[in-house]
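Remarks on the structure that follows.
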Amino acid sequence: MILNKSKIQVFLIFSEVWMKLKVASPALAWGGAIMLFASLITLGLSLLDPRLFQGVSVWHKPWKFQISTVLYWWSLAWFISYFGTTEQSSLSRRFIVWMSLIAGLFEVVYISWQGAFGLASHYNISSPFYGAMYTAMGVFAVLLTSTSGVLGYRVLRDHSQTYATNVALRHAIGWGLIISSVLGIVTGVILGGRTSSGGHWVGGSTNDALGLMVLNWSRDGGDLRVAHFFALHAMQILPVMAILFIWLTPSMSPNTSKRFIWLLATGYAGFCTFTLMQALSGTSFWA
């Protein structure tokens with residue numbers, strides 16, 4: 001009986017979250033759901049298809065990008081939901097929703113297509129066509145990541161208090177989105193520009209099978225994917241940290257909480273910068 005009640009509670013929580021996402025942005029909500037379904041198919045293919053690329057399944061990178069895209073789209077939808085219905089037709093909201101969908105879909109489709117044929121998507125400039133596609137990937141990646149920056153700016157500029165009832169949470173969400181955008185683009189540009197200098201590896205073994213499980217980060221050399229990962233996921237990590245902080249300090253004044261969030265955001269940006277410098281020096285994140 002207790003187990004059944006727990007299952008019902010979990011189902012109700014997921015139903016409430018889904019409804020909130022769907023009301024905020026049906027396109028992002030359903031886009032994420034379809035992409036999640038596609039990721040399950042890709043995961044199944046990785047178990048059935050014995051082919052390897054750089055030591056891991058040819059389907060591993062497509063699966064990682066599909067999951068990452070789901071998290072990105074649903075995170076944007078969740079943060080948009082705080083604005084309510086007054087912003088449904090704004091130009092910035094349309095840019096955030098449709099640019100993130102178009103750019104994200106382009107990235108995932110091309111990476112999955114290349115993976116299906118056991119070919120590289122990143123750093124592949126072996127022909128004029130692949131060179132053009134790699135350039136297009138870079139352009140769409142910048143456009144995709146810029147959407148979180150636009151939303152972060154809107155969140156921080158929301159002085160009408162329609163966005164999140166807690167000022168500390170609002171600033172954590174806003175700065176998290178901006179860090180994801182700015183440092184995500186910076187680390188992405190550095191990553192993308194290394195077509196002739198080792199790709200994301202800086203020293204160490206150029207084999208994902210020897211790296212960290214799932215993420216594949218190098219254990220014996222620098223790996224630029226580390227900084228890129230932490231930068232892109234600031235939009236999720238900072239709000240979660242803020243929620244824990246708010247829960248632990250319920251009596252702290254709003255202004256003091258806001259200043260602490262600024263300090264936290266600065267420290268997080270510094271941490272991302274540190275992991276970037278560490279990778280560029282050829283040092284493993286695990287050193």
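Considering only segment 9-16, I want to know if a residue exists there that is surrounded by 14 or more Cβ atoms within 10 Å (Cβ to Cβ), under 22 Å from the mean Cα position of the chain (by Cα) and assigned to a helix (DSSP H, G or I).
Within segment 9-16, none of the residues are surrounded by 14 or more Cβ atoms within 10 Å (Cβ to Cβ), under 22 Å from the mean Cα position of the chain (by Cα) and assigned to a helix (DSSP H, G or I).
Please verify whether Val56 is in contact (Cβ under 8 Å) with a residue 12 or more places away in the chain and more than 21 Å from Ser146 (Cα to Cα), treating the condition exactly as stated.
yes
In this structure, is Ser57 small (Gly, Ala, Ser), under 11 Å from Gly115 (Cβ atoms) and in contact with a helix residue (DSSP H, G or I) (Cβ under 9 Å, 6 or more places away or on another chain)?
yes
Looking only at segment 17-44, filter to residues that are touching a residue at least 60 places away in the same chain (Cβ under 8 Å) and of a type in the set (Ser, Thr, Tyr); which one of those is surrounded by the most Cβ atoms within 10 Å (Cβ to Cβ)?
Ser25
Only the coordinates and a few stated rules stand behind these numbers; no lab work does. Since the model is a prediction, treat every value here as computed from it, not as a measurement. Heads up, the Cβs are rebuilt from the backbone with ideal geometry, glycines too, and the neighbour counts pull from every protein chain shown.
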